[in-house]
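Take a look at the structure below.
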Amino acid sequence: MTAHQHVVAAQRPAAVQRAVALNRLTLGYNAVESVVALAAGVVAGSISLVGFGLDSVVEVSASLVLMWRLAAERRDGCTQDADTRATKAIAVSFAALAAYVGIEALRQLSTGAAPDSSAVGIALTFVSLAVMPFLARAKRRLAPALGSQAQVAEANQTSLCAVMSAVVLVGLGANAVLGWWWADPIAALGIAALAAVESVRTWRAESLEDTCCA
């Protein structure tokens with residue numbers, strides 16, 4: 001074992017503990033966010049806000065997947081197989097989100113159904129835009145010590161949530177202030193495209209070289 005690997009091994013217990021704490025924080029926040037966004041989206045008829053809520057549901061599922069991965073590390077030590085399965089599961093969740101939101105956005109554009117404005121949605125996406133980048137950076141810094149591509153994938157999903165927050169916020173704001181109803185489904189298509197790209201990227205990801213079983 002090299003000196004670098006000794007350092008990484010020494011950092012693992014603290015990294016796992018911090019990863020669990022961040023995972024629980026993300027899980028709690030996104031559980032609340034998903035309920036609020038989905039309810040506000042349904043009330044306003046906003047597919048971008050519904051898509052944002054569904055992304056939060058995916059975030060919750062990703063956090064649960066990562067929690068399972070961390071539990072496997074605590075139980076078995078070797079996590080290579082668990083990490084690979086967790087990463088693939090997160091990729092599939094991205095793909096499902098992309099397919100649903102993309103189809104619904106195209107349907108809304110074709111029917112010309114105008115959503116109502118949503119002050120709750122605007123406030124929610126603004127808060128998420130402020131919070132998510134900090135969470136994503138904190139998670140990504142732990143990945144080398146954990147040797148976990150699943151940790152990277154989950155951090156990327158949190159980063160994607162921040163980008164989606166900005167996209168949805170612009171769409172909701174344009175609809176509320178300028179009356180541009182089409183901004184909402186266009187924002188939803190942006191969500192679908194981002195989710196599709198992240199799905200492919202996550203599925204193709206290689207395990208990190210510092211994985212404990214490497």
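Residues of segment 137-149 that are part of a helix (DSSP H, G or I) and touching an Asp or Glu at 6+ places or on another chain (Cβ under 9 Å): K139, A143, P144, A145, L146, Q149.
Among the numbered conditions (1) of a type in the set (A, V, I, L, M); (2) surrounded by fewer than 20 Cβ atoms within 10 Å (Cβ to Cβ); (3) closer than 18 Å to L66 by Cβ, tell me where A143 comes up short. Among (1) of a type in the set (A, V, I, L, M); (2) surrounded by fewer than 20 Cβ atoms within 10 Å (Cβ to Cβ); (3) closer than 18 Å to L66 by Cβ, A143 violates only (2). Scanning segment 116-130 for residues that are in contact with a helix residue (DSSP H, G or I) (Cβ under 7 Å, 6 or more places away or on another chain) and either farther than 19 Å from E33 by Cβ or aliphatic (A, V, I, L, M) (or both) yields a count of 6. When N175 is tested against (1) modelled with pLDDT of 85 or more; (2) surrounded by fewer than 24 Cβ atoms within 10 Å (Cβ to Cβ), exactly one condition is not met: (2).
Yes or no, residue by residue, for (1) surrounded by fewer than 19 Cβ atoms within 10 Å (Cβ to Cβ); (2) outside any helix (DSSP H, G or I); (3) at pLDDT below 80:
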position: H4; (1), (2), (3): yes, no, yes
position: V20; (1), (2), (3): yes, no, yes
position: E33; (1), (2), (3): no, no, no
position: A39; (1), (2), (3): yes, no, no
position: V42; (1), (2), (3): yes, no, no
position: D55; (1), (2), (3): no, no, no
position: A99; (1), (2), (3): yes, no, no
position: E104; (1), (2), (3): no, no, no
position: R107; (1), (2), (3): yes, no, no
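The values are calculated or read from the model by the stated rules, or taken from the named source; none is laboratory data. Here the structure is a predicted model, which means the values were calculated and not measured. A quick note on method: Cβ atoms are made from the backbone with ideal geometry, for glycine too, and the neighbour counts reach across all protein chains shown.
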